[in-house]
Amino acid sequence: MTRSPVDAYLRQRSPWRVLAPLLALAVVFLAAIAVRVAYGPPPRGTMGPGAIVLSGGVGLIALWAVFDGIRRAFGRPTYLGTGIGLDRLFGLIQVLMSIGLAVGLLPNTVLLLNFLVSGGRAP
């Protein structure tokens, strides 16, 4: 009995690849806590640096998920899937959901990039 190329490919993939998005989210969360501790609480009614890092970082992860989902939908292997069979449909669903999240968090993502470029000075 011969094995299909799909089986061989799946055995070669590292199971740690699926943890990459979760690890990225953990890094964003820890960075937001560190910035909050370093800068202290924001003045009332304003968005502090910790909130900028958290929401902007999640926005960056959402942009990554859009790119990842597009590749999956076109049958390419990615961090979250193989791009084979039904996984292509899940890639399309991932794209649609990630676009909504990325668009919703785009202003915060831009604020995060400005925060990083300005050397840590909140707007």
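Each value in this text was obtained by applying a stated rule to the coordinates, not by laboratory testing. Please read these numbers as outputs of a predicted model, since none were measured by experiment. Virtual Cβ from ideal backbone geometry, glycine too; neighbours counted across all protein chains shown.
Observations, loosely collected:
- Note on Trp16 and Val117: the extension gain reaches 33.2 nm, defined as 0.36 nm multiplied by sequence separation minus the Cα-Cα distance.
- Long-range tail of P(r) for the chain (Cα pairs > 16 Å, %): 67
- 3J(HN,Hα) along segment 60-65: 5, 5, 5, 5, 4, 5 Hz, from the Karplus curve 6.51 cos²θ - 1.76 cosθ + 1.60 with θ = phi - 60°, whole Hz, x for Gly and Pro.
- Using alpha carbons only: equivalent-ellipsoid semi-axes of segment 39-107, gyration tensor based, whole Å: 33, 10, 7
- Projecting the Cα atoms of Leu105, Val53, Leu23 onto the dipole axis of the chain, where Lys and Arg carry +1 and Asp and Glu carry -1 at the beta carbon, places Leu23 farthest toward the positive end.
- As a rough footprinting exposure proxy, the listed residues Ile93, Ile52 were ranked by other beta carbons within 10 Å of their own, and the order from fewest upward is Ile93, Ile52.
- Note on Arg44 and Phe29: the model spin-label points, each 7 Å out from Cα along the C-beta direction, lie 3.0 nm apart.
- The chain: relative contact order in percent, alpha carbon pairs under 8 Å with at least 6 residues between: 24
- Sorting Asp68, Asp87 from the fewest to the most surrounding beta carbons within 10 angstrom yields Asp87, Asp68.
- Taking the Cα centre of the chain as reference, the dipole from Cβ charges on Lys and Arg (+1) and Asp and Glu (-1) amounts to some 140 debye.
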